[in-house]
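Report on the structure given below.
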Amino acid sequence: MNAWVLRAVALGALTVVLRTVLGLAMIYWPTNGAWMRILCLVVLLAAVVGWGVLDGRADRRANPDPERGADLTMRWLKAGVVGGIGSGVVSWILDFAPKFDLGDNGLLFEVSSGASFIILMIFVPGMIGVTIGRYLAGRESKGNTNASADTVVLNKESASV
């Protein structure tokens with residue numbers, strides 16, 4: 001399975017689950033909607049940034065040269081587009097089920113405006129996570145390079161004594 005397909009399905013499903021939980025929670029606790037929406041957004045952003053950090057670290061470890069890394073921009077853009085549009089369509093279908101209140105939005109809204117928001121919520125934090133992950137892995141590799149160079153110098157000094 002392509003890496004972007006896995007990200008699109010997982011993050012699109014997470015979006016649908018969060019919207020469903022939010023819709024059900026709004027039925028029982030309608031006055032607490034503001035903090036519940038923020039909580040759902042934070043959960044989505046944390047999942048995306050965390051996955052982006054893992055991608056960035058893995059890419060930097062596989063390709064220590066910054067010019068030779070994988071094209072993670074297109075991976076995350078594809079994941080965002082498919083995850084956003086897919087979650088919009090699934091949410092629109094689930095909205096017809098009884099006891100599901102997902103906003104009563106039309107299909108056109110879900111695949112355009114609603115999807116564009118989710119695309120941005122997947123792509124931008126994903127790329128921020130990739131940047132952080134590459135930076136952290138680059139610092140680790142620089143630290144390991146300096147430590148191994150110091151070991152070599154100490155070994156040469158020990159051999160000459």
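The values are calculated or read from the model by the stated rules, or taken from the named source; none is laboratory data. Small disclaimer: the values here were computed from a predicted structure and weren't measured. Cβ sites come from the backbone with ideal geometry, for glycine too, and all protein chains shown count toward neighbours. Areas reflect the complete protein model, heavy atoms only, side chains present, ligands, DNA and RNA absent. Shrake-Rupley method; radii C 1.70, N 1.55, O 1.52, S 1.80 Å.
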Rounded accessible area per residue of the range 17-143, 1.4 Å, Å²: 58 Å²
field: Geometric extent, Cα atoms of the range 27-115 - Rg, Dmax (angstrom)
entry: 17.6, 54
query: In degrees, nearest 10, range 0 to 90: what is the angle between the Cα axis of helix 3-28 and the longest Cα principal axis of the chain?
result: 40 degrees
query: Between the helical axis of 113-160 and the dominant principal axis of the chain, each derived from Cα atoms, what acute angle in degrees is found, rounded to the nearest 10?
result: 10 degrees
task: Among (1) 1, 7, 14, 15, 13, 12, 12, 11, 7, 5, 2, 0; (2) 2, 9, 15, 16, 14, 11, 8, 7, 5, 4, 3, 2, 2, 1, 1, 0, 0; (3) 1, 9, 18, 23, 22, 15, 8, 3, 1, 0, find the value of P(r) over Cα pairs in 5 Å bins from 0, in percent that was calculated from the structure presented, and write down its label.
output: (2)
message: Within the chain, what whole-number % of the accessible surface is contributed by carbon and sulfur, with the 1.4 Å probe and all protein chains included in the calculation?
response: 69 percent
- prompt: So how far apart, in nm, are the two label points at residue 9 and residue 29 if each is 7 Å from Cα heading toward Cβ?
  reply: 3.3 nm
field: Highest average packing first - 84-96, 67-79, 121-133, Cβ atoms within 10 Å
entry: 121-133, 84-96, 67-79
- prompt: With springs only between Cα atoms under 10 Å, which of 56, 80, 33 fluctuates most in a Gaussian network model of the chain?
  reply: 33
query: Which angle from 0 to 90°, rounded to the nearest 10, does the C-alpha axis of helix 33-62 make with the longest principal axis of the chain?
result: 30 degrees
task: Quick one: compute the contact order of the chain, relative version, from alpha carbon pairs under 8 angstrom and 6+ residues apart, as a percent.
output: 34 percent
